[in-house]
């Protein structure tokens with residue numbers, strides 16, 4: 001048989017667990033909503049830049065070969081080091097090789113033919129980058145139990161091709 005004191009303790013422990021789970025779900029919802037907003041903003045920014053008549057100055061897209069995990073030992077996170085390809089053999093082999101440029105009479109002036117000699121072929125696609133950042137306040141209970149910072153920064157990047165003023 002349970003005494004009334006034991007039932008009260010079990011109820012309080014269960015209530016605390018339920019409140020922490022509820023706060024965690026609310027926090028995840030806030031972060032997901034912030035991510036959606038930043039993606040929409042980054043996409044809109046990249047879209048405006050992509051429609052410009054003159055090519056805007058943008059960060060150059062890199063042809064990434066691999067990643068070296070950073071201090072957190074998780075791949076593809078912000079603290080990782082990017083390894084770029086010194087020679088872009090894979091891209092011309094995969095893309096340019098599939099194009100059968102030898103069958104095209106004016107292949108030297110073909111846009112794909114220039115990729116074979118490009119040191120950074122990803123830069124030849126004229127990619128334009130849009131970025132957005134937003135700070136999300138961390139709920140007090142999550143701050144005490146899980147993440148000891150007051151805010152969490154949500155960042156999004158969107159890449160689009162520059163359209164040379166085509167409307």
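For region 153-167, how many residues are surrounded by fewer than 17 Cβ atoms within 10 Å (Cβ to Cβ) and over 15 Å from residue 52 (Cβ atoms)? Please lay out each step first, then the result.
Step one: list which residues in region 153-167 are surrounded by fewer than 17 Cβ atoms within 10 Å (Cβ to Cβ), which gives 153, 155, 157, 161, 163-167.
Narrowing the set further to residues that are over 15 Å from residue 52 (Cβ atoms) leaves 153, 155, 157.
The total comes to 3.
If residue 127 passes every condition in (1) within 21 Å of the chain's Cα centre (by Cα); (2) modelled with pLDDT of 90 or more; (3) farther than 14 Å from residue 44 by Cα but one, which one does it miss?
(2)
Those residues that are part of a helix (DSSP H, G or I) and loosely packed, with under 15 Cβ neighbours inside 10 Å, I need them from region 38-53; list them, please.
To start, the set of residues in region 38-53 that are part of a helix (DSSP H, G or I) comprises 38-50.
The answer is 40, 44, 47, 48.
Is there any pair linking a residue in region 15-37 that is under 15 Å from residue 147 (Cα atoms) to one that is assigned to a helix (DSSP H, G or I), with Cβ under 8 Å and at least six apart or on different chains, and which?
From region 15-37, the pairs are 20/141; 20/145; 23/141; 23/142; 24/142; 27/142.
Does region 83-92 include one or more residues that are at pLDDT 75 or above, out of contact with any helix residue (DSSP H, G or I) (no Cβ under 7 Å at 6 or more places or on another chain) and closer than 23 Å to residue 131 by Cα? Let's see the steps before the verdict.
Start the filter on region 83-92 by keeping residues that are at pLDDT 75 or above, which leaves 83.
This time we only want the ones that are out of contact with any helix residue (DSSP H, G or I) (no Cβ under 7 Å at 6 or more places or on another chain), so: 83.
Then keep just the ones that are closer than 23 Å to residue 131 by Cα; that gives 83.
Yes: one or more hits.
Sort out which residues of region 54-81 are at pLDDT 85 or above and either closer than 18 Å to residue 130 by Cβ or surrounded by 13 or more Cβ atoms within 10 Å (Cβ to Cβ) (or both), and write them in order of number.
Residues satisfying the conditions are 69, 70, 80.
Can you confirm whether region 98-116 contains a residue that is modelled with pLDDT of 60 or more, part of a loop (DSSP other than H, G, I, E, B), farther than 22 Å from residue 37 by Cβ and touching a helix residue (DSSP H, G or I) at 6+ places or on another chain (Cβ under 9 Å)?
No: zero hits.
For residues that are modelled with pLDDT under 90, farther than 18 Å from residue 20 by Cβ and outside any strand (DSSP E or B), tally how many sit in region 130-167.
Going through region 130-167 one residue at a time, the tally reaches 6.
The values are calculated or read from the model by the stated rules, or taken from the named source; none is laboratory data. Not measured: the values here are computed from a predicted model. Here Cβ is always computed from backbone atoms with ideal geometry, including for glycine, and neighbour counts include all displayed protein chains.
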